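Each remark here refers to the structure printed beneath this line.
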Amino acid sequence: DAKTTQPPSMDCAEGRAANLPCNHSTISGNEYVYWYRQIHSQGPQYIIHGLKNNETNEMASLIITEDRKSSTLILPHATLRDTAVYYCIVRPSNSGYALNFGKGTSLLVTP
Amino acid sequence: GAVVSQHPSRVICKSGTSVKIECRSLDFQATTMFWYRQFPKQSLMLMATSNEGSKATYEQGVEKDKFLINHASLTLSTLTVTSAHPEDSSFYICSARASGLAGSEDTQYFGPGTRLTVL
């Protein structure tokens, strides 16, 4: 899997948009960008994934640069419950391989 | 949809005993399940990959005779920690690969985790 680089921590005020960056400059053409988050003492939660087009679902938006070397996860209106560690992972889809978790970004949403 | 459960959520056992953890995909079939371990303030580390009807594939450094994995059906995988010791105390998490679930090809869904404490 291509390696990813994320800032270790970020703060965001409640109600504001949280923009979490991820660099994946060695991503291959067949690799997708996946985002998961882990709230303390829980299992990781799937958020969103994409290949090259921007994606949006009920949880977040994923913006992937045209060269696919970086992406941003956007939580449009952060709440206190969004405080978690966010993991950006790149891997081929339909590969059957496990997800390789790095250190992620610890997002703290403050009142 | 795409819910994965684990049982028990937490267990405390004495050193030398064995503990079984169940992982179930509740609303989809999972040909592949994964077992991870997470120590405090660390990220998830893959222990093994479990394919239905075949032997599990273990990561380097994970003892297959100590961590027994059985994946007998498309919705159930079990991890048995044999002769548990205090250093096995950890947060054990399973995930299931959703195959054939519309719009979720190859997305992995995680269970809530099992907190194991070995005294």
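In table form, for the structure just shown:
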| quantity | calculated |
| --- | --- |
| Flag if residue B:19 is of a type outside the set (D, E, K, R) and either closer than 18 Å to residue A:45 by Cβ or within 14 Å of chain A (Cβ to nearest Cβ) (or both) | no |
| Selected residue (only one of B:57, B:31, B:78 is over 12 Å from residue A:98 (Cβ atoms), open to solvent by 40 Å² or more (accessible area, probe 1.4 Å) and either touching a Lys or Arg at 6+ places or on another chain (Cβ under 6 Å) or within 13 Å of another protein chain (Cβ to nearest Cβ) (or both)) | B:31 |
| Count - residues of the stretch A:73-111 that are away from every other protein chain (no Cβ under 14 Å), surrounded by fewer than 16 Cβ atoms within 10 Å (Cβ to Cβ) and out of contact with any Gly (no Cβ under 9 Å at 6 or more places or on another chain) | 6 |
| Matching residues, the stretch A:26-47, being at the interface with another protein chain (Cβ under 10 Å from one of its Cβ atoms) and either more than 14 Å from the chain's Cα centre (by Cα) or at positive phi (or both) | A:41, A:42, A:43 |
| Wholly within the stretch A:1-48, strands (runs of 3 or more DSSP E) carrying at least 1 residues that are open to solvent by 10 Å² or more (accessible area, probe 1.4 Å) and small (Gly, Ala, Ser) | A:9-13 |
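Here's the yes/no breakdown for (1) on the phi < 0 side of the Ramachandran plot; (2) of a type in the set (Val, Ile, Thr); (3) open to solvent by 60 Å² or more (accessible area, probe 1.4 Å):
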residue: B:37; (1), (2), (3): yes, no, no
residue: B:41; (1), (2), (3): no, no, yes
residue: B:62; (1), (2), (3): yes, yes, no
residue: B:73; (1), (2), (3): yes, no, no
residue: B:85; (1), (2), (3): yes, no, yes
residue: B:98; (1), (2), (3): yes, no, no
residue: B:112; (1), (2), (3): yes, no, yes
residue: B:115; (1), (2), (3): yes, no, yes
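The values are calculated or read from the model by the stated rules, or taken from the named source; none is laboratory data. Keep in mind that what you see is a predicted model, and the values were worked out from it rather than measured. For neighbour counting, all protein chains shown are included, and Cβ atoms are generated from backbone atoms with ideal geometry for every residue, glycine included. To get the accessible areas, we keep the full protein, side chains included, count just its heavy atoms, and leave off ligands, DNA and RNA. Shrake-Rupley method; radii C 1.70, N 1.55, O 1.52, S 1.80 Å.
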